[in-house]
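Student: Supplied in structure tokens, the structure appears directly below.
The values are calculated or read from the model by the stated rules, or taken from the named source; none is laboratory data. All values reported here derive from a predicted model rather than from experimental measurement. Every residue, glycine among them, receives a Cβ derived from its backbone with ideal geometry; neighbour counts consider all protein chains shown. With ligands, DNA and RNA removed, areas are computed over all heavy atoms of the protein, side chains included. Shrake-Rupley method; radii C 1.70, N 1.55, O 1.52, S 1.80 Å.
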Amino acid sequence: MDTRLVTAIEVVVGVPVVLIGYIWASERLVALLNARWRRVIRPWLWLAPALAFLGFFLIYPTVLTAIRSLQSKDSLNPKFVGLANYKWFFTNGDALGALFNNVLWLVFFTGFTVGMGLLVAVLVDRVRFEAWAKSIIFLPLAISMVAAGVIWKFMYDYRPAGSAQTGTLNALIGNVGLGPIGWLQSPGFRLSTFAIIAIMVWMWTGFAMVIISAALKGIDAELLEAARMDGASEWQVFRRITLPLLGPTLTVVSTTMIITSLKTFDIVYTLTNGNYNTDVVANLMIKEMFTFGDFGRASAVAVILLLAILPIMGFNIRKFRSQESMS
């Protein structure tokens, strides 16, 4: 019998059997305890499988990665090198360039995504075909990063001057006597980086719009009408009432976009693989691991990326909890 078929049968049949057996054994064990200990033990028995998976697939690899980041390149017999891999990251030009690109992503991707999401949410809030407009704007997020990269690779396609331009953007600017521009082949002024950021803004603006729009619907309409009756202009209503009330939501959306920008990888890998000054930290980690075979440096890059994301995640979690406590 095919090995894959056997594996599939084991998963389909074995997992439910193990789960049912665990539940039965847990409840039998709890039944032997008195009422006081049942209240204490039962929640932990139900949480145990999830905690085991979390520990095995998340905590254990994280600890191993942190240890591996302190070791040499040799995968068969790694030696302890201390903080040498971290020193390499903060003294290497390519690594610092990738870090600088992540800063550009953090600032411009977050700023444009949240800003345009807010603008669209406010503008379409009163249009007749609001649902259709939001659906169209949200649609790019349904496309995978790799698929979006392939689509925009054709949009950005470049041919030398004098040749027929097959890229949509170069064909358009060629009609007005400009171009062609190597959107993904121009290292100067980080043009290629900004071109990739524009793709992600196109994809994630719909996400920001939906979250902000939901918060906008929650604002009391009578409050806004009272401000208008007192003589406030639409701009004053937005700046002094709507925007402050949207503050917590904008903060949560912004921190989510910051985390997305820091862990950006697939679209950069698809379009340029980090060439033309477009490399980012996550892509650098993959190259150090699979191209250069340096698992020590790759692990150090992974730990640095994790340390950069953790404070933002913690801030995001606190904001979610504060919003839940207020609701």
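Student: Based on what the data block shows, is LEU99 surrounded by 13 or more Cβ atoms within 10 Å (Cβ to Cβ) and under 30 Å from LEU216 (Cβ atoms)?
Tutor: Answer is no for this residue.
Student: For the range 1-29, give me the residue count where each residue is surrounded by 10 or more Cβ atoms within 10 Å (Cβ to Cβ), over 20 Å from TRP44 (Cα atoms) and acidic (Asp, Glu).
Tutor: Selection size over the range 1-29: 1.
Matching residues to (1) over 29 Å from SER135 (Cα atoms); (2) of a type in the set (Asp, Glu); (3) over 22 Å from the mean Cα position of the chain (by Cα):
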{"position": "ASN175", "(1), (2), (3)": "yes, no, yes"}
{"position": "PHE194", "(1), (2), (3)": "no, no, no"}
{"position": "MET209", "(1), (2), (3)": "no, no, no"}
{"position": "ALA226", "(1), (2), (3)": "yes, no, yes"}
{"position": "ASP230", "(1), (2), (3)": "yes, yes, yes"}
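Student: Among residues belonging to the range 120-144 that are open to solvent by 80 Å² or more (accessible area, probe 1.4 Å) and not in a helix (DSSP H, G or I), point out the one that is farthest from TRP204 (Cα to Cα).
Tutor: Checking each candidate, the answer is ARG128.
One line per residue, one yes/no per condition, for (1) within 21 Å of THR264 (Cβ to Cβ); (2) surrounded by 19 or more Cβ atoms within 10 Å (Cβ to Cβ):
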| site | (1), (2) |
| --- | --- |
| VAL146 | yes, no |
| LYS153 | yes, no |
| SER163 | no, no |
| THR168 | no, no |
| GLY177 | no, no |
| ALA195 | yes, yes |
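Conditions tested, residue by residue: (1) at pLDDT 90 or above; (2) open to solvent by less than 80 Å² (accessible area, probe 1.4 Å); (3) under 10 Å from GLY296 (Cβ atoms).
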| residue | (1), (2), (3) |
| --- | --- |
| PRO43 | no, yes, no |
| LEU51 | yes, no, no |
| PHE56 | yes, no, no |
| TYR60 | yes, no, no |
| ARG68 | yes, yes, yes |
| ASP74 | no, yes, yes |
| ASN85 | yes, yes, yes |
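Student: Could you give every pair whose Cβ atoms fall below 7 Å, whose first residue belongs to the range 239-254 and is on the phi < 0 side of the Ramachandran plot, and whose second residue is among the basic types (Lys, Arg) and open to solvent by 30 Å² or more (accessible area, probe 1.4 Å), counting only separations of at least 6 or pairs across chains?
Tutor: Pairs that qualify, where the first residue is on the phi < 0 side of the Ramachandran plot and the partner is among the basic types (Lys, Arg) and open to solvent by 30 Å² or more (accessible area, probe 1.4 Å), are PRO248/LYS319; THR251/LYS319; VAL252/LYS319.
Student: Do we have LYS153 as among the basic types (Lys, Arg), in a helix (DSSP H, G or I) and within 21 Å of LEU246 (Cα to Cα) here?
Tutor: The answer is no for LYS153.
Student: Turning to a different aspect of this structure: Considering each of ILE219, ILE181 in turn, give the residue that is outside any helix (DSSP H, G or I), at pLDDT below 90, farther than 27 Å from LEU106 by Cα and among the β-branched types (Val, Ile, Thr).
Tutor: Of ILE219, ILE181, the one residue that is outside any helix (DSSP H, G or I), at pLDDT below 90, farther than 27 Å from LEU106 by Cα and among the β-branched types (Val, Ile, Thr) is ILE219.
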